[in-house]
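Engineer: I have a structure here, written as structure tokens, and I will follow up with some questions on it.
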Amino acid sequence: MQNSREYWGLGDANIAAVLVAPPRDNVFVGAGVVTQFPSATRAGLGARNWAARPVLAVGYQDDVISASLKLTQGWTLGGPTGQTRTTLTALRSQISVGLGDGWSAGVNGEADYDWEGSGRSRWTVPVSLTLSRVLTFSDDRAVQIGGLITHYALPGGPQRAVWEFGLNLTFVVPRGYFFGR
């Protein structure tokens with residue numbers, strides 16, 4: 001593909017803190033904040049800016065299916081002088097199905113709108129397929145490791161489509177870990 005680039009390395013780190021109300025009929029709602037730290041190992045893998053965004057979420061979870069819808073509004077807080085600022089609205093959806101023995105497969109969809117961008121480049125619409133597994137170390141220690149394949153439908157026609165492969169690491173905190181002890 002003409003003008004394509006391959007990037008290998010780590011992206012920016014995102015830390016989320018979300019308070020979730022007790023579920024009712026397997027439906028839950030939550031609100032919190034996501035903070036982005038500029039930790040990418042290459043310029044093409046991260047924004048090189050500090051950012052924060054509030055998040056509102058609604059979801060459903062039972063023994064097999066997990067689904068959620070999250071709305072965020074983010075702003076750049078700081079970064080190198082002359083670095084591009086962002087004001088980004090994002091709507092993210094996720095559905096996954098438990099496959100047994102800690103495995104799950106799912107699909108994630110996003111619609112991101114950059115208020116600072118221009119023309120058609122304001123929109124980004126990636127869709128990801130995921131496969132992950134939860135590994136439990138003790139009653140209160142677990143981690144989820146997952147892989148994903150993402151397709152970005154970028155403006156400018158099909159020749160501009162981008163594929164991405166990645167790994168995710170999520171630390172799982174049991175209910176009541178911080179406030180119930």
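Engineer: Go through (1) at pLDDT below 85; (2) in contact with a strand residue (DSSP E or B) (Cβ under 9 Å, 6 or more places away or on another chain) one by one and return the number of the condition Arg5 breaks.
Structural biologist: For Arg5, the exception is condition (2).
Engineer: Sticking with this one: Just a yes or no: is a residue in the stretch 51-61 at pLDDT below 90 and over 22 Å from Phe28 (Cβ atoms)?
Structural biologist: Checked against the condition, which is being at pLDDT below 90 and over 22 Å from Phe28 (Cβ atoms), the stretch 51-61 yields at least one hit.
Engineer: Just checking, does the stretch 42-58 include any residue being closer than 20 Å to Gly106 by Cβ and surrounded by 15 or more Cβ atoms within 10 Å (Cβ to Cβ)?
Structural biologist: yes
The values are calculated or read from the model by the stated rules, or taken from the named source; none is laboratory data. Small disclaimer: the values here were computed from a predicted structure and weren't measured. Backbone-built Cβ (ideal geometry, glycine too); neighbour counts: all protein chains shown.
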